[in-house]
Amino acid sequence: MPCPFRQSIGSGIPLACLVAALCASPLCAQPRAVLADGSGPWSDAQWVFTTSQFTGLLKDAGYSVTIVSPVDLPAALDSPNILVAVPSLESLPFECFAAIVAHINAGGSLMASGGEPFRNPLYRTPDGRWLDSAAYLQAVGSPPPQGSFAPPWIPTISPSKEQFTTGSGLRVPVARNRGLFSSSFSSGRYRVIGDLLSPAATLYGNTTFSVSPTSPFATAHSFVVWLPWPQIPDPLRAQLIAALRAAPNRLYLNTAGADQIVWLPGEAITGQATILNAAGSPVQASLQWSISGPSGVTTQPAVTLNLTAGELRNVPLNIASLPNGDYTLNFRLMIENQEVDRVDSPVRVLNPTLSRQPDQKIRVVAGAFSSGGHHVFLRGVNYWPRFIAGIDPGTFNGQSWLEAGQYDPDLIEADLTEIAALHFNLINIQYSDFEGFWAQEGRALIDFLERCRNHGIWVQISLRTTSTNAAYAGQISPTLESYIQSAYLPGNDRVFAYDLLWEPMVGTHDKGGQGRIVNGAIVYDIGRMVLDPDWRAWVNDQYGSLAKAQQIWGFTAPLDGNGQLTNPLDDEMENDGPWRIMVAAYRRFLDDYLGRNLGVIARQLRRSDPDTLLAYRNWTTMTSTHNDNTGYDIGSGAAHLDFFSPERYSPVLLWPDDRAYGLVTAYSRYRSGGKPVVWAEFGADIGANGGNSASRAAQAAICDTMMRQMADDGSNGASVWWWPGGY
């Protein structure tokens with residue numbers, strides 16, 4: 001076709017034709033999408049419907065869409081600049097699965113919907129049929145040559161725990177970090193189109209770390225879109241189209257917000273926005289932001305950004321003190337007039353002492369709990385926010401959901417609303433300084449306790465009171481007072497109690513246990529031997545000498561390699577015999593030693609917070625496992641504590657067969673002189689992916705049994721394990 005314009009430049013090439021050629025180059029290229037579609041066992045009615053919806057979304061977002069059969073997809077994904085759209089990732093050819101994973105790891109983009117991703121890879125038989133692994137083996141007589149397919153790690157997509165099935169049958173990603181504050185511990189950021197709890201679509205900008213011979217620490221930045229249902233109504237559809245249109249820019253807000261959620265009156269507010277240009281070329285952009293609050297919206301000066309290829313830019317934010325109230329920092333990342341990303345970050349300015357209701361503080365009255373002059377039975381749940389269930393344990397271990405990089409007040413508010421609706425009035429949390437962020441965590445805990453007050457919920461807080469979670473001499477945490485004060489905990493009526501230790505145990509004769517600090521270094525995995533010097537000192541103090549002790553015991557005690565007294569052997573702890581008096585003496589030593597050190601911890605806490613109750617969480621209480629590993633007798637430190645917290649998991653017995661375990665409550669009351677008993681944990685695992693009707697019924701029966709037992713044995717409360725679910 002001849003060019004319709006006559007104007008030309010020096011070589012005689014018409015100008016309009018040159019412009020058309022330039023616009024076909026990467027400088028202003030139309031973004032590319034590959035839509036997987038073609039005949040096969042994957043192409044059912046839902047697949048066909050989703051294909052039509054995806055086609056409309058991508059074309060409306062300005063993409064050039066190429067239809068490629070899943071069989072041919074590996075050859076078509078030749079660039080990370082392609083967005084691959086797959087109507088369902090549940091059951092596709094093995095090679096197709098592998099190609100999609102490689103595409104994501106290289107920084108490519110993905111849009112998907114349907115059932116559980118990567119659940120059922122298919123293999124082609126010599127006669128052309130597509131079968132799963134088991135059917136292939138039966139048909140061919142040997143397993144598929146490709147081997148089994150391991151579900152990849154793609155946040156919001158795979159493995160299966162990255163998603164859950166709603167009551168309506170749709171698969172929705174477990175919420176992840178939304179970058180609401182200045183820091184993040186996530187490799188990417190989660191965005192939602194529509195309702196946070198029931199999204200129409202989710203977006204995740206992910207950073208993948210890889211190792212190669214030429215680049216030992218390279219990164220790729222992929223973009224993942226998940227649609228629980230492919231048909232989206234306006235205005236949500238328009239929002240998704242805008243996000244898809246912006247995606248090829250590869251310009252993201254990793255985080256944007258204040259350094260913490262709560263600020264005290266008069267404090268200057270600090271924070272930052274972190275912007276990533278994941279594109280291979282420089283870009284000119286701007287960060288526009290404003291502050292929304294009780295007095296309206298205040299626009300802040302825009303920040304001009306000239307970002308080089310691959311640059312990660314931190315933009316500091318400094319805000320003069322704000323009046324008391326709730327605020328939102330609204331951030332919009334722009335390229336000219338196009339919004340490419342957004343974050344809305346919460347900020348609260350409050351005095352945490354003004355909302356307190358001292359008469360609502362729980363106290364012990366006549367062996368029971370009372371608040372405001374009324375008897376209280378504690379119906380509790382051990383709590384982590386719902387999004388923790390989808391985080392890899394190795395990634396989360398040692399962190400706290402109270403850190404700004406994890407805390408999400410909207411999801412926590414949704415949790416508390418549902419917890420209150422289920423008539424729980426207590427939740428149990430952990431508050432610690434493992435990473436030294438206690439000041440930041442304390443501000444989040446202020447926010448959390450304010451929300452709990454609004455829902456009529458009390459909170460039992462597990463503190464990191466010692467270095468190794470054991471009541472050994474000289475191990476009290478040096479920062480304990482600091483992180484109690486950072487959350488303004490003393491005097492807070494929502495704080496029911498402090499857990500001083502979490503399931504402590506000494507260990508076997510020479511293995512296990514939580515270790516001990518000796519000369520500034522931790523000594524671990526030597527079990528009861530870590531207390532041998534204290535055991536020898538106690539024997540000399542009580543009996544005068546080992547010889548006199550053995551005369552009274554009527555038994556020759558075991559000695560270590562140096563010929564010194566050591567702790568009872570495992571056989572002696574586990575079985576009756578002529579050593580019983582020695583073992584009883586050792587148990588008394590543990591009560592004296594551990595109880596004395598629990599008293600040291602208790603006295604330090606009571607100096608700053610005399611009104612909050614104290615307990616520690618016992619471990620597999622009064623079971624053979626508890627005895628074999630020298631769990632703390634539930635009466636240890638009874639004089640220093642206000643109530644006692646056994647656990648109950650096994651053996652699994654249903655009511656009324658479980659009634660005998662009311663002995664644990666009776667023994668706890670006996671050892672403590674009638675103090676209250678609150679069961680710290682009970683429950684049952686229903687299995688992966690929400691279990692099944694039988695496993696859920698078994699779980700319900702166990703919970704029913706425990707509540708019947710508590711009504712029977714006179715306990716004062718209980719907390720089931722645990723709120724988000726999972727093993």
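Answer with yes or no whether Ala688 is among the aliphatic types (A, V, I, L, M) and without any contact (Cβ under 8 Å) to a residue 12 or more places away in the chain. Judged against the criteria, Ala688 is not a match. Checked against the criteria, Pro490 counts as under 22 Å from Leu641 (Cα atoms) and open to solvent by 10 Å² or more (accessible area, probe 1.4 Å). The set of residues in segment 462-480 that are open to solvent by 30 Å² or more (accessible area, probe 1.4 Å) and under 26 Å from the mean Cα position of the chain (by Cα) comprises Arg464, Ser467, Asn469, Thr479.
Out of everything in segment 602-646 that is in a strand (DSSP E or B) and open to solvent by less than 10 Å² (accessible area, probe 1.4 Å), what residue ends up being farthest from Asp493 (Cα to Cα)? Only one residue tops the list, namely Gly631.
Reported count of residues in segment 264-283, each being assigned to a strand (DSSP E or B) and of a type outside the set (Val, Ile, Thr), is 5.
Screening Gly599 against (1) open to solvent by less than 60 Å² (accessible area, probe 1.4 Å); (2) in contact with a strand residue (DSSP E or B) (Cβ under 9 Å, 6 or more places away or on another chain) leaves a single unmet condition, (2).
Screening segment 230-263 for residues that are assigned to a loop (DSSP other than H, G, I, E, B) and among the β-branched types (Val, Ile, Thr) and picking the one that is nearest to the chain's Cα centre (by Cα) gives Ile261. Looking only at residues in segment 551-579 that are of a type in the set (A, V, I, L, M) and open to solvent by less than 20 Å² (accessible area, probe 1.4 Å), the one that is farthest from the chain's Cα centre (by Cα) is Ala557.
Test Phe589 against the stated conditions and say whether it is touching a helix residue (DSSP H, G or I) at 6+ places or on another chain (Cβ under 6 Å), aromatic (Phe, Trp, Tyr), at pLDDT 95 or above and assigned to a loop (DSSP other than H, G, I, E, B). The answer is no for Phe589. Checked against (1) open to solvent by 10 Å² or more (accessible area, probe 1.4 Å); (2) assigned to a loop (DSSP other than H, G, I, E, B); (3) in contact (Cβ under 8 Å) with a residue 24 or more places away in the chain; (4) under 25 Å from Pro199 (Cβ atoms), Gly167 meets all criteria but (3). Those residues that are outside any strand (DSSP E or B) and closer than 26 Å to Cys703 by Cβ, I need them from segment 365-380; list them, please. Listed by number, the residues that qualify are Gly367, Phe377. Here Ser69 passes the criteria (1) open to solvent by less than 50 Å² (accessible area, probe 1.4 Å); (2) under 21 Å from Pro152 (Cβ atoms); (3) of a type in the set (Ser, Thr, Tyr) except the one numbered (2). Residues that are farther than 24 Å from Asn105 by Cβ and among the polar types (S, T, N, Q) within segment 128-155 comprise Gln138, Ser142, listed in sequence order. Here are some residues: Pro316, Pro409. Which one is over 26 Å from Phe644 (Cα atoms) and open to solvent by less than 40 Å² (accessible area, probe 1.4 Å)? Residue meeting the stated conditions: Pro409.
Considered as a group, the residues in segment 422-434 that are outside any strand (DSSP E or B) and either more than 17 Å from the chain's Cα centre (by Cα) or at pLDDT 95 or above (or both) include one that is nearest to Thr612 (Cα to Cα), and that residue is Asn425. Counting only residues that are of a type in the set (A, V, I, L, M, F, W, C) and at pLDDT 95 or above, which one in segment 306-316 is nearest to Val262 (Cα to Cα)? That would be Val315.
Among the residues of segment 137-162, which ones are open to solvent by 10 Å² or more (accessible area, probe 1.4 Å) and among the polar types (S, T, N, Q)? Matches in segment 137-162: Gln138, Ser142, Gln146, Ser148, Ser160. Each residue in segment 647-685 was checked for being on the phi < 0 side of the Ramachandran plot, open to solvent by less than 60 Å² (accessible area, probe 1.4 Å) and either under 26 Å from the mean Cα position of the chain (by Cα) or free of Cβ contacts under 8 Å to residues at least 12 places away in the same chain (or both), and 8 pass. Residue under question is Ile686, and the condition is that it be within 23 Å of Gln163 (Cβ to Cβ) and among the β-branched types (Val, Ile, Thr); does it hold? For Ile686, the condition - within 23 Å of Gln163 (Cβ to Cβ) and among the β-branched types (Val, Ile, Thr) - is met.
The values are calculated or read from the model by the stated rules, or taken from the named source; none is laboratory data. All of these numbers come straight from a predicted model, not from anything done at the bench. Heads up, the Cβs are rebuilt from the backbone with ideal geometry, glycines too, and the neighbour counts pull from every protein chain shown. Note: accessible area is taken over every heavy atom of the protein model, side chains too, but ligands, DNA and RNA are not part of it. Shrake-Rupley method; radii C 1.70, N 1.55, O 1.52, S 1.80 Å.
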